[in-house]
Amino acid sequence: MSKKILAVILSLTMVAGTLIGCGNSAEDTQDASDAPAQEESVEAEEPASEDRGGTALGDEEVTVTVLCAYASEDPHGQYIYEYAEKFMEQYPNITVEVTAISSNDIYTKLAAMATSPDDLPTLFFTSVDQAPSLFDLGLMEDLNGQLDDETLNSFANGIIEACTLDGEMAFYPIDVQPSAVIYRKDRFDEAGLSVPKTWDEFLECAKALTVDSDGDGEIDQWGFSMVGSNNSSGQSRFQSYLWSQGFTLVEQDGGEWTTDIGSDGFLDAFTFWTNMNNVDGVVPTGITEVDYATAANYFAMGYTSMILSGSNAMGVAYANNPDLEGKLGSFPIPGDHPGTMLNAEGYALCSMAGDAEKAAAVEFLKFFSINDPEYKFWQSSGKIPSTVEGQKVDYITGDDYAGYLATIDAGCLDVINFPGMSALKSVLGDAYSAVFSGDKTNEQAVDDLVKEMETLLEEYN
């Protein structure tokens, strides 16, 4: 790795000031989602040795520690432990210890551990949107030097590129989750609605689907399951919306980072989003408390009819309400511009692990991808496999995944390698949540957002 430990030390000085509480999902972590962290281990025998050395995969006893956001999520988290157990049966000299953590907490956890390398996990969960910040800590091993050609060639088109930062393969992709909108086909048909291609059309659909379904005079079904809470999942969805409206948010120009936040049309776009709650009333009440898990459950239980999400929300919907089979579809995020990156998720190999740990961890990653011909983890989660073979499975070929496959075919945003992405998402979240709560007007929130972005970019220019 070209990154130096100095980068770790310097990054830690920023954690408390700018990045605490700015965890990522892919989602949404991520989103995969924002399930509460659960600390548990597959094996709880002897702790890992302080000596993190070793030379190669062999017969020596090796412990691979995994800091895993997947393991904290239902219904697919169970398979992480199952795959670890199966791997240890095949490699009895290797112990795999899985610690579950919310994707929102990954950055701050690793940053806090970075000054004590012996405490760092061998593998840790990451995703496209959070990888640049973690890469900047100097903790990611370049997998180009760790994976054989057969493994590298097994990934579907564009996926390795999505995992590459500064020419290095920063993490091993397990799945991809471009964002799209999942919707109730049956309700669209009943209301005579067509799939929206613009956000104005989306709003009209949402209004038509916000109804008093039982006739008691109270709205009990809303058009849009918005994630409103100020966390990584909510921030990621707002970011996708802004991208789809043509805003880059942050980009490099002449070697310096610039922003179009606050440019012409930004206030109008910002207001459109907050108005869906504050004025139009097409999202469930109490939006500032609605995290990803709540929004996904609202959709699964029929309280809402659309949700902007990675395909993992499909897995949640089917797991919680099997009656939805055949009733769901998906469409690309409205707007004239791509509203999503490919959103690969997976595991990074810690650059500070010993050689024996690295070798064992790579074997576990390869095993993870090929050991389950039924793709139980991916199907139960609703996630799309990262491999060529995985993307041929039957469950992703129906109407419910059509919007995601169309999004991939049309082309997603290139990875934005801005190391302050976590902080950027945080200031975006502060802005919209202040309007949702009534603490600021849209104008005040955008004015403050512009100032915060100026300060943020100064740190990276």
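Every read-out reported here was derived from the displayed coordinates using simple, explicitly stated rules and does not represent laboratory data. On a predicted model such as this, the values are computed, not experimentally measured, just so you know. With ideal geometry, Cβ positions are generated from the backbone for all residues, glycine too; neighbour counts draw on all protein chains shown.
Using 0.36 nm per residue and subtracting the Cα-Cα separation, the extra length available between Asp264 and Glu459 on full extension is 67.7 nm.
Once the Cβ-Cβ distance of Ala112 and Lys86 is raised to the sixth power relative to R0 = 22 Å, the FRET efficiency obtained is 0.10.
Counting only aspartates and glutamates at least 8 places from Lys358 when in the same chain, those with an alpha carbon closer than 17 Å to its own are Glu50, Asp51, Asp59, Glu60, Glu61, Glu97, Asp118, Asp119, Glu141, Asp142, Asp148, Glu168. The 3J(HN,Hα) values that the Karplus relation (6.51, -1.76, 1.60; θ = phi - 60°) gives for the stretch 451-461 are, in residue order, 5, 5, 5, 4, 5, 4, 5, 4, 6, 10, 10 Hz. Gly and Pro appear as x. Placing a pseudo-label 7 Å from each Cα along the Cα-to-Cβ vector at Ile370 and Glu150 gives an inter-label distance of 0.5 nm. Considering only Ala445, Asn417, Leu456, and ranking their Cα positions along the charge dipole of the stretch 406-458 that arises from unit charges at the beta-carbon of Lys, Arg, Asp and Glu, the one farthest toward the positive end is Asn417.
Let me have the 222 nm mean residue ellipticity of the chain computed from DSSP H runs of 4+ only, each contributing -39500 (n - 2.57), with the sum over all residues rounded to the nearest 500. Mind showing how you got there, number by number?
On the way: 17 runs with 174 residues, N = 461.
After summing the helix terms and dividing by the residues of the chain, the value is -11000 deg cm²/dmol.
Between Glu60 and Asp394, what's the calculated FRET efficiency when r is the beta-carbon distance and R0 is 41 Å? Round to 0.05. The pair Glu60/Asp394 has a calculated efficiency of 0.50. 3J(HN,Hα) along the stretch 187-200, derived from phi through the Karplus expression 6.51 cos²θ - 1.76 cosθ + 1.60 where θ = phi - 60°, amounts to 6, 4, 5, 4, 8, x, 9, 9, 4, x, 10, 10, 6, 5 Hz, with x in place of Gly and Pro. Remark: Val279, Val393, Val176, Val96 ranked as Val279, Val393, Val96, Val176, counting other beta-carbon atoms within 10 Å and listing the fewest first.
What does the charge count around Tyr375 come to, taking other residues whose C-beta lies under 14 Å from its C-beta (Lys +1, Arg +1, Asp -1, Glu -1)? Before the final figure, lay out the partial values.
Details: positive: Lys376, Lys383, Lys392; negative: Glu82, Asp175, Asp372, Glu374, Glu389, Asp394.
Taking every Cβ under 14 Å from that of Tyr375, the sum is -3.
By how many nm would the segment from Lys207 to Asp186 grow when fully extended, if each residue of separation counts as 0.36 nm and the alpha-carbon distance is taken off?
On the way: separation 21, 0.36 × 21 = 7.56 nm, distance 1.62 nm.
Here the segment from Lys207 to Asp186 would lengthen by 5.9 nm.
Distance between the modelled labels on Ala406 and Ile219, one decimal in nanometres: 2.7 nm (7 Å Cα→Cβ projection). Length gained on full extension, Glu289 to Thr248, computed as 0.36 nm times the residue gap minus the Cα-Cα distance: 12.0 nm.
Note on Lys425: lysines with a C-alpha under 22 Å away, same-chain residues under 8 apart excluded, are Lys109, Lys440, Lys451.
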